[in-house]
Structures are given as structure tokens and as C-alpha cells.
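Undergrad: The following block contains the structure, expressed as C-alpha cells.
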């Protein structure tokens with residue numbers, strides 16, 4: 001993001017500290033011990049309704065396959081593979097340590113570990129690192145222009161991807177076994193961006209195109225050996241893998257993972273109950289929850305997610321270009337009802353604001369409720385109807401756009417009901433989940449209000465506030481305009497920009513400021529936040545050592561089967 | 001030239017009316033057909049069932065306001081109802097085990113929530129009645145569209161012959177070649193997303209006219225081809241040749257000699273096509289490309305019930321049963337109409 005280019009460095013002290021702390025443990029020689037572990041072996045059987053597209057870790061932007069890439073691929077740094085809040089820490093992975101910032105936070109020198117090999121048997125070299133970052137641009141990575149444009153030389157790569165060299169941006173030194181990154185400006189989230197699968201290091205000879213269904217060479221404990229998007233994926237041990245950091249990449253217990261595609265969630269639940277499958281990706285259907293929780297309670301794991309379900313309102317077209325109309329919807333929406341649709345209070349928490357509970361910068365705030373304060377209690381229909389009257393939008397036609405997956409159609413129907421109760425003439429349109437997210441972003445489609453979700457990419461408040469609500473995230477006429485509401489507030493933008501700079505030097509202070517920005521954005525009412533969901537994982541009784549990470553959800557390499 | 005009220009040429013045509021009994025005028029084919037239909041107990045039972053269904057669906061607003069006392073189009077996720085001395089949540093939080101999930105109230109067998117609630121807390125019985133109205137309207141209107149278009153195409157192709165027939169027949173072949181549901185789904189996806197605008201005519205995407213047109217059009221070949229075949233046969237028949245020899249204008253032959261003879265075919269098709277159209281409408285609505293929310297049809301209610309099959313199967317079973325009963329009644333009626341009006345059936349009966 002262009003706004004991030006103004007940053008200065010030293011907030012990395014925090015990241016560095018956490019990374020270094022992790023490093024101590026990471027160098028433990030656990031590989032041999034774990035190999036001899038009694039729990040090692042067996043096959044973990046995974047199932048989902050559909051595959052998630054390409055196997056290219058530098059292109060695929062889905063939670064489903066990121067979970068796989070986290071055990072097959074490595075970046076220079078990685079999120080710690082552990083449970084709880086420590087899973088948000090960045091630790092060194094292919095690099096020996098998290099480098100200290102130089103040149104005011106604009107230069108980082110990573111030293112590569114020696115002896116790490118790809119699943120092809122070839123050793124990982126600095127040249128591979130340079131080629132991987134060039135490849136990010138050559139294959140038009142979805143976030144190349146927003147996450148990695150801070151690397152020097154990226155401008156030319158964005159203009160002409162095919163000839164991308166990142167000259168002066170990413171420099172290899174084979175003799176010293178180092179890779180130096182030069183940034184155009186300090187970026188407090190740079191390590192986070194390197195820790196996602198987009199930052200995976202691939203062999204230099206990996207084709208500069210989407211690999212599709214052909215697996216890329218792996219560095220992690222596992223590698224994909226076969227993949228048919230219509231049928232299945234087989235993941236086996238990488239014969240060249242040796243543990244170099246238990247925190248970054250533990251050896252993994254199971255010898256094989258078989259991922260079956262094309263199984264409906266209903267059938268997947270039955271299969272797991274019968275022990276025919278071990279874990280399902282999809283959300284369990286609401287009508288099976290009671291049965292699961294009463295008969296198979298010990299096989300259920302519920303964990304909080306850094307995510308929100310929300311209804312962005314297009315602030316640039318009628319009727320939601322009227323703030324009173326937007327406020328009215330916020331006051332009228334019964335968040336308890338929305339939570340009920342998702343599965344009840346054990347599976348979701350009512351939310352009024354942009355940031356999810358527990359996220360960096362979160363301070364509870366809810367103005368859109370009876371008795372406004374920190375917690376949503378009940379809708380305030382009296383106030384909502386007063387605002388509607390004041391807005392003059394009664395009788396306006398509104399179409400709610402929802403996708404056809406999971407609870408979204410039901411949320412859309414409920415929202416239509418709320419809008420009609422307010423006096424709008426509302427209908428809903430359900431469109432395929434394959435296109436809905438891009439459809440609602442494009443201003444040419446004149447979407448008034450929609451149902452969507454946002455899950456964190458990494459644990460930074462800017463991943464919600466800056467990404468979803470800054471003027472820079474609004475691109476009229478484009479399918480990639482993730483500021484779906486089209487909300488552009490200059491004062492809010494100024495606060496965000498200022499705080500991105502603060503985040504570099506003083507993260508606690510920045511997080512306090514993010515809370516204020518969050519509250520200001522909530523007051524602007526560009527959307528209706530409904531709730532923050534929780535993750536329900538249903539596993540077979542064979543699965544042990546279920547470990548939930550905020551980043552990877554279930555850590556596949558830490559589960560073992562009996 | 002015709003000499004009966006129905007236009008059937010009694011002296012020249014292939015269809016002979018019932019023999020006159022002493023002292024009574026000859027019974028026309030329509031009257032004879034209706035008499036036969038009235039004598040068909042299965043067909044009459046079907047008519048009664050259909051009338052009851054139509055009346056029940058027409059009474060939907062009355063049921064919703066007086067008995068159910070709910071708005072079947074508004075979510076009622078936080079609502080409560082009182083049955084006897086008990087106050088119950090419409091959406092009931094599960095308390096067993098980990099306490100996951102919220103389940104709609106099941107059938108109460110009382111006026112309120114007779115068949116329970118759907119996943120929006122809406123009264124399924126009230127929605128069934130409203131949904132039935134849409135299902136019946138769409139299936140009936142699309143049947144009319146289909147039969148009118150098929151009659152026009154079939155008669156023009158069969159009567160005009162030559163190039164006109166070749167073009168129309170090939171167009172029907174092209175339409176026939178598409179798998180019917182694939183064609184209906186494709187048309188629906190295209191039209192439901194943005195509606196239909198042809199010149200000054202603008203049909204909104206949530207209008208019932210769209211599914212009516214789509215379903216009506218996709219079935220045209222199924223009716224038009226037999227009509228065309230019948231017209232081809234009729235144009236070569238003696239009474240039409242005689243009329244032509246007498247210099248009767250083509251338009252008059254069409255109206256007075258051809259059309260009355262294909263009318264029975266169209267009538268025979270009507271209930272059968274209506275049954276088929278109801279199934280198609282249900283399928284499209286089930287796939288979210290038929291009746292659009294907050295409207296309802298039996299297909300959309302089955303879709304609503306899909307996610308409640310394990311806990312509240314009634315939400316899907318009730319509209320499913322309604323479709324089965326209505327389609328069966330239409331098919332039985334169709335059989336009766338065919339037996340009563342189809343000339344071949346009549347001859348067969350006479351031989352018996």
C-alpha cells in the first residue's frame with residue numbers, strides 16, 4: 001500500500017524480540033526425537049466440498065490451501081506453529097534469525113540456513129530467494145502491488161512483470177549466503193507479509209506462470225505428490241526435510257495426508273462420526289450441530305477467529321449515501337438473530353465495530369444498541385425508525401447481494417427483513433460464491449448492500465482498517481476494490497496514515513490509536529458489522545493433539561492419528 | 001367447411017360426433033368430452049383436490065393474518081409464541097451437550113406455526129400457502145404461454161409448409177436438442193441476475209414474469225411438434241382439400257377447420273404441461289433461480305428446508321408433499337382429459 005511507504009523502522013524491535021525468543025527453541029534438535037515418537041505415522045484424512053484452486057503458493061489466496069502451504073513451504077520467516085496468541089509471533093524459518101533493521105528500517109539482511117533442501121534434493125540458495133520475489137511480480141501475485149510494492153524496484157516489476165528483476169531491491173550474496181532487502185520506506189508489517197505463503201521460497205527454475213495442479217518443490221516436512229481438484233490431493237513426507245526450527249516448521253507426525261474433495265459437509269460429518277474421515281474443512285451445517293454437540297462433544301474444538309461478518313453499504317449511491325439511513329440499519333440489526341443464524345452464542349459473538357475482539361488495537365465499543373457502550377444488548381428500533389424518517393429514504397428499493405455458501409443466504413434474507421421493517425423495499429439476490437466477492441467490489445455493478453466476511457491475513461489492525469476502509473483501497477470500476485463500501489474519509493485516512501508511522505516506532509501506542517480509529521470508522525457507519533465468528537473443528541476420535549493457531553487454524557503437522 | 005359449433009366438419013371430417021338418439025339432437029364433441037370427463041371418477045377427484053389447493057392458496061392472507069398471526073415474509077428470529085400456557089421461543093437454542101446451534105420450532109399442530117418454523121423463524125404453513133400461490137400462478141401462466149406459442153408455431157409450420165415449415169421445424173429441433181433443465185437454468189441465470197430489458201419493456205429480476213416466460217418457452221417444442229404433425233396430417237385430409245377446392249380462403253380454413261381439430265390436443269396437453277411446469281418451477285426455485293426472496297414458492301421452501309433436514313424435516317417435506325399431490329392430481333386430470341377429448345381415445349372407447 002502506498003500509505004505504508006511512509007513508515008519508519010523501529011517497531012520491528014517487538015517483532016524481532018519475539019522472533020529471537022522463538023529462535024532459541026527453534027534450534028533444538030528435535031527432529032530425531034520426534035521421528036522416534038510413538039505417535040509418528042499413519043494417515044490423516046481430510047475432506048472438503050471442493051478444492052481451492054491452484055497449488056501455486058504465490059498465487060493461491062485461500063485459507064483452505066494456505067493451511068496446506070504452511071506445512072509444505074517456508075519463507076524466510078514464519079508464524080510460530082503453536083497454539084494460542086503465540087501463533088501470531090513471527091519466527092525465523094529459512095533465515096537463521098530475524099534480521100535487525102538497518103538504514104532506518106529500509107534494509108534487512110537475511111542469512112540463510114545452510115543445508116536446507118527442496119523436495120527435489122536441490123539446496124536452497126540466495127538465488128532462489130531472489131527468484132521467488134521476482135516471481136511474485138511475474139505471476140501477478142494478488143497482493144504484489146499492495147504488500148510487496150515497498151521493495152525497491154517493485155515499480156518497474158508492476159509495470160512490466162515479465163522482465164522483473166527487482167534490481168537493487170532484493171540482492172543475493174552467495175559467498176555470505178545472505179539476501180538483502182532494500183525497501184523504499186520502512187514497513188512495520190513487512191515480516192508478516194514475508195511469513196504468509198506468498199513469501200514462500202521456491203526453486204529459481206520454477207516456471208514464471210501459475211503452476212496450476214502441478215506441485216511446486218517443497219521445503220517443509222510435507223510435499224504434495226498428487227492433486228486432482230475434482231477428486232483428491234495426496235500429501236506425503238518430504239524425504240529431504242530435517243527439522244531446523246521446531247517453532248517454524250516441526251517435523252509432523254503423520255506420514256501422509258489424503259485430502260478428498262467433492263464431499264458435502266453433511267456427508268463429511270457422517271464420515272467423521274464413523275471414523276472414515278478425520279477432519280473437515282467446511283463449516284458444519286446448522287442442523288447437525290445439536291447431534292454433534294450432544295453425541296460427539298469430545299471431538300469438537302471451538303476457537304476464536306480474527307474475522308468479522310459484515311454488510312458493507314455503498315456510501316456513494318442511494319439510499320446509503322445518506323448517513324442516517326446507514327445508522328438506521330446499524331441500530332435496527334438484531335445481532336443476536338444474526339448470531340443465531342450462524343449457530344448460536346457458542347459459535348459467534350455480536351460485534352458492532354470493525355476490529356474483531358482480541359485483535360491488536362481492539363477496544364470494545366458499540367454505539368448501535370440500546371444502552372450504548374461496550375457491548376451490544378438489543379436493537380434500538382425506535383431510534384432506527386426515527387433515523388429512517390429523518391433520512392427521507394423510506395420506500396427506496398434496495399437489493400441485498402449474498403453468496404450461495406454456508407450461512408450467507410440466510411443472513412441476506414434476514415437483512416432483507418430488517419430493511420423492509422425499516423421501510424425500504426428490499427429484495428435479495430443470491431449469486432455464486434465464486435464471483436460474489438469480486439462482484440460486490442466493482443462499482444459498475446451498483447451494489448447497494450451485501451453480505452461478506454473478512455478474515456485477517458496477519459495480526460495487525462491495519463489489515464482491517466487500512467485495507468478495508470482507506471481511500472487508497474477504493475478503486476472505482478475495479479473488481480479489486482476491497483473497500484466495498486467505497487468509504488473515503490479524509491480525516492480517517494489522515495489518522496490511519498499517521499498511525500502507520502507510529503506503529504513502526506511504538507506499537508503499543510499505535511494500537512491505542514488503532515482503537516480510536518476503529519471507533520471513528522464505526523461511527524461513520526460504512527457497514528453493519530454483525531458478529532465475529534468462531535472456528536468449529538470437528539475431528540474424528542482418531543485425531544489427537546489438535547492444535548489451533550490463529551494463523552493456520554488446525555496445524556496439520558502437529559496432529560497425529562491413533 | 002364446418003357445420004358444428006366446435007368447427008368440426010361433421011360431414012367431411014375424420015371426427016364423427018356421437019350418433020343422434022331418437023328425439024334428441026346429436027351431441028357435440030365438446031359436450032361428449034365433458035360428459036366423459038364427468039364420468040371419470042379419478043379425474044373428478046383430481047379436480048376437487050386441485051380446487052381445494054387453489055382455494056387454500058387464495059386464502060393465504062386470511063390464514064396469515066387471522067390464524068397464524070405472522071408475516072410469512074419477515075424474519076422472526078427473536079420471536080416467541082404462546083401455546084396454551086406455554087411461551088416458546090420460535091428459534092430454540094440447543095442446550096444438550098455443548099449447546100451448539102439454534103433450531104426452529106417444530107410443528108405445533110396449532111393455528112400458529114402449524115407446521116413449525118423455517119430457519120428465519122417464519123411460519124412454514126403460511127409460507128406454504130403463499131408459496132403455493134406463486135407455484136400455481138407460474139405453472140398455470142407458463143402453461144398458457146407454452147401452449148399459445150406452441151399452437152402458433154405448430155399450426156403455422158404445419159399449414160404453411162415449405163420454407164416456413166423447414167425453418168420453424170429446425171428451430172424447434174435446435175431448442176429440443178438442449179437438455180431442458182440445462183436450458184432453463186442457463187436462461188434463468190442470465191435473466192435473474194439483471195432482469196430483462198427489451199426496448200421500453202423492463203422486467204425486474206424478481207418478477208414472476210421471468211420464470212413464467214423461461215418455463216413457457218423451453219417446453220414449446222414438446223407441444224409444437226405434435227401439433228405440427230397433426231396439422232400436416234389435417235392439411236392433407238379430405239375435408240381440408242375439399243374446402244380448398246371450394247375456394248375457401250386459407251385463413252378461414254385455418255380458423256374453422258384446422259384450429260378446432262388441434263384444440264383438443266392443446267387441451268389434453270394443458271394439465272400435463274402444467275404438472276411438468278410446476279416441477280420445473282420448483283427445481284429452478286430450489287436452485288435460487290426461480291422465485292426470488294422474499295417471495296416464496298414450494299421450491300424455495302424446500303430449499304429453506306434443505307438445511308433443516310436432520311432437525312426439522314417438515315420444512316422440506318410439507319412443500320414436497322404439496323408438489324407431489326398437485327402434480328399427481330394434474331396428471332390424473334390430464335389422463336382423464338386425454339381419454340375424454342382425444343379423438344383416438346374416443347374411437348378406442350367406441351370400439352370397446
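The values are calculated or read from the model by the stated rules, or taken from the named source; none is laboratory data. These numbers come from a predicted model, not from an experiment. When we count neighbours, we look across all protein chains shown, and the Cβ atoms used for this are built from the backbone with ideal geometry, even at glycine.
Undergrad: Please specify each residue of segment A:297-311 satisfying the condition of being outside any strand (DSSP E or B) and either away from chain B (no Cβ under 14 Å) or touching a helix residue (DSSP H, G or I) at 6+ places or on another chain (Cβ under 6 Å) (or both). Don't jump to the end; show me each part of the working.
TA: Residues of segment A:297-311 that are outside any strand (DSSP E or B), as a first pass: A:297-299, A:305-306.
Scanning segment A:297-311 gives A:305, A:306.
Undergrad: Continuing with this model, one more query. Please find, within segment B:12-58, the residue that is farthest from the chain's Cα centre (by Cα) out of those that are modelled with pLDDT under 55 and exposed (fewer than 12 other Cβ atoms within 10 Å of the Cβ).
TA: Residues of segment B:12-58 that are modelled with pLDDT under 55, as a first pass: B:12-22.
The next check asks that each one be exposed (fewer than 12 other Cβ atoms within 10 Å of the Cβ); those that pass are B:19-22.
Details: B:19: 35, B:20: 37, B:21: 39, B:22: 42 Å.
Across segment B:12-58, the extreme among qualifying residues is B:22.
Undergrad: Now for a separate question. Please enumerate the residues belonging to segment A:409-431 that are more than 9 Å from every other protein chain (Cβ to nearest Cβ) and surrounded by fewer than 20 Cβ atoms within 10 Å (Cβ to Cβ).
TA: Residues satisfying the conditions are A:423, A:425.
Undergrad: State whether the residues of segment A:366-387 include one that is outside any loop (DSSP other than H, G, I, E, B) and within 14 Å of chain B (Cβ to nearest Cβ).
TA: From segment A:366-387, those outside any loop (DSSP other than H, G, I, E, B) are A:366, A:373, A:381-387; that's our starting set.
Going one step further and asking which of them are within 14 Å of chain B (Cβ to nearest Cβ), we end up with A:381.
Scanning segment A:366-387, I find at least one residue that is outside any loop (DSSP other than H, G, I, E, B) and within 14 Å of chain B (Cβ to nearest Cβ), so the answer is yes.
Undergrad: Quick one: in segment B:59-73, which of the residues that are within 14 Å of chain A (Cβ to nearest Cβ) and more than 19 Å from residue B:308 (Cα to Cα) is surrounded by the fewest Cβ atoms within 10 Å (Cβ to Cβ)?
TA: Of the residues in segment B:59-73, the ones within 14 Å of chain A (Cβ to nearest Cβ) are B:70-73.
Those still in the list that are more than 19 Å from residue B:308 (Cα to Cα) too: B:70-71.
Details: B:70: 23, B:71: 17.
This residue is B:71.
Undergrad: In addition: Looking only at residues that are surrounded by fewer than 16 Cβ atoms within 10 Å (Cβ to Cβ) and away from chain A (no Cβ under 12 Å) in segment B:74-84, which one is nearest to residue A:345 (Cα to Cα)? Talk me through it step by step, then tell me what you get.
TA: Within segment B:74-84, the first condition is being surrounded by fewer than 16 Cβ atoms within 10 Å (Cβ to Cβ), and the residues that meet it are B:78, B:80, B:82-84.
Still in the running and away from chain A (no Cβ under 12 Å): B:80, B:82-84.
Numbers: B:80: 18, B:82: 24, B:83: 26, B:84: 29 Å.
If we take residues in segment B:74-84 being surrounded by fewer than 16 Cβ atoms within 10 Å (Cβ to Cβ) and away from chain A (no Cβ under 12 Å), then B:80 is nearest to residue A:345 (Cα to Cα).
Undergrad: Another question, then. From the set of residues in segment B:85-121 that are out of contact with any strand residue (DSSP E or B) (no Cβ under 9 Å at 6 or more places or on another chain) and within 14 Å of another protein chain (Cβ to nearest Cβ), which is farthest from residue B:61 (Cα to Cα)?
TA: Of all residues in segment B:85-121, those out of contact with any strand residue (DSSP E or B) (no Cβ under 9 Å at 6 or more places or on another chain) come to B:85-86, B:95-96, B:107, B:109, B:111.
Among the residues that remain, those that are also within 14 Å of another protein chain (Cβ to nearest Cβ) are: B:95-96.
On the way: B:95: 35, B:96: 38 Å.
That would be B:96.
Undergrad: Can I ask one more? Output the number of the condition that residue A:483 fails; it satisfies all remaining conditions of (1) crowded, with 17+ Cβ neighbours inside 10 Å; (2) free of Cβ contacts under 8 Å to residues at least 24 places away in the same chain; (3) assigned to a helix (DSSP H, G or I).
TA: (3)
Undergrad: Quick one: residue A:129 ticks every box in (1) assigned to a helix (DSSP H, G or I); (2) in contact with a helix residue (DSSP H, G or I) (Cβ under 8 Å, 6 or more places away or on another chain) except a single one, so which number is it?
TA: It is condition (2) that residue A:129 fails.
Undergrad: Within segment A:342-380, work out how many residues are more than 17 Å from residue A:302 (Cβ to Cβ) and touching a helix residue (DSSP H, G or I) at 6+ places or on another chain (Cβ under 6 Å).
TA: So the count comes out to 11.
Undergrad: Just the residues that are crowded, with 24+ Cβ neighbours inside 10 Å and more than 10 Å from chain A (Cβ to nearest Cβ), please, taken from segment B:301-314.
TA: Hit for segment B:301-314 is B:301, nothing else.
Undergrad: Is segment A:128-138 home to any residue that is touching a strand residue (DSSP E or B) at 6+ places or on another chain (Cβ under 8 Å) and surrounded by 24 or more Cβ atoms within 10 Å (Cβ to Cβ)?
TA: Yes, because at least one residue in segment A:128-138 is touching a strand residue (DSSP E or B) at 6+ places or on another chain (Cβ under 8 Å) and surrounded by 24 or more Cβ atoms within 10 Å (Cβ to Cβ).
This table checks each residue for (1) closer than 30 Å to residue A:230 by Cβ; (2) more than 14 Å from every other protein chain (Cβ to nearest Cβ); (3) modelled with pLDDT under 95.
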{"position": "A:280", "(1), (2), (3)": "yes, yes, no"}
{"position": "A:293", "(1), (2), (3)": "no, no, yes"}
{"position": "A:313", "(1), (2), (3)": "no, yes, no"}
{"position": "A:330", "(1), (2), (3)": "no, yes, no"}
{"position": "A:337", "(1), (2), (3)": "no, no, no"}
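Undergrad: Among the residues of segment B:89-111, what is the count of those that are in a strand (DSSP E or B) and either farther than 30 Å from residue A:298 by Cα or in contact with a helix residue (DSSP H, G or I) (Cβ under 8 Å, 6 or more places away or on another chain) (or both)? Can you show your working first?
TA: Restricting attention to segment B:89-111, the residues satisfying the condition of being in a strand (DSSP E or B) are B:89, B:91-93, B:102-104.
Going one step further and asking which of them are either farther than 30 Å from residue A:298 by Cα or in contact with a helix residue (DSSP H, G or I) (Cβ under 8 Å, 6 or more places away or on another chain) (or both), we end up with B:91, B:93, B:102-104.
Looking only at that region, the number is 5.
Undergrad: When you go through (1) free of Cβ contacts under 8 Å to residues at least 60 places away in the same chain; (2) buried (at least 17 other Cβ atoms within 10 Å of the Cβ); (3) within 26 Å of residue A:272 (Cβ to Cβ) one by one for residue A:369, which number turns out not to apply?
TA: With respect to (1) free of Cβ contacts under 8 Å to residues at least 60 places away in the same chain; (2) buried (at least 17 other Cβ atoms within 10 Å of the Cβ); (3) within 26 Å of residue A:272 (Cβ to Cβ), residue A:369 is out only on (3).
Undergrad: Can I ask one more? Applying the selection to segment B:154-189, what residues are under 22 Å from the mean Cα position of the chain (by Cα) and not in a helix (DSSP H, G or I)? Break it down stepwise before answering.
TA: Taking segment B:154-189 as the starting set, the residues that turn out to be under 22 Å from the mean Cα position of the chain (by Cα) are B:154, B:172, B:175-176, B:178-189.
Of everything in segment B:154-189, those that are under 22 Å from the mean Cα position of the chain (by Cα) and not in a helix (DSSP H, G or I) turn out to be B:178, B:179.
Undergrad: Which residues, counting only those in segment A:264-278, are more than 11 Å from every other protein chain (Cβ to nearest Cβ) and surrounded by 23 or more Cβ atoms within 10 Å (Cβ to Cβ)?
TA: Listed by number, the residues that qualify are A:268, A:272, A:277, A:278.
Undergrad: For the structure I just gave you, tell me whether residue A:444 is surrounded by fewer than 16 Cβ atoms within 10 Å (Cβ to Cβ), touching a strand residue (DSSP E or B) at 6+ places or on another chain (Cβ under 8 Å) and free of Cβ contacts under 8 Å to residues at least 40 places away in the same chain. Lay out the reasoning, then the answer.
TA: Values: surrounded by fewer than 16 Cβ atoms within 10 Å (Cβ to Cβ): yes; touching a strand residue (DSSP E or B) at 6+ places or on another chain (Cβ under 8 Å): no; free of Cβ contacts under 8 Å to residues at least 40 places away in the same chain: yes.
No, not satisfied.
Undergrad: Just name the residue that is nearest to the chain's Cα centre (by Cα) out of those in segment B:256-288 that are surrounded by fewer than 24 Cβ atoms within 10 Å (Cβ to Cβ) and within 14 Å of another protein chain (Cβ to nearest Cβ).
TA: Looking at the filtered set, the residue picked out is B:286.
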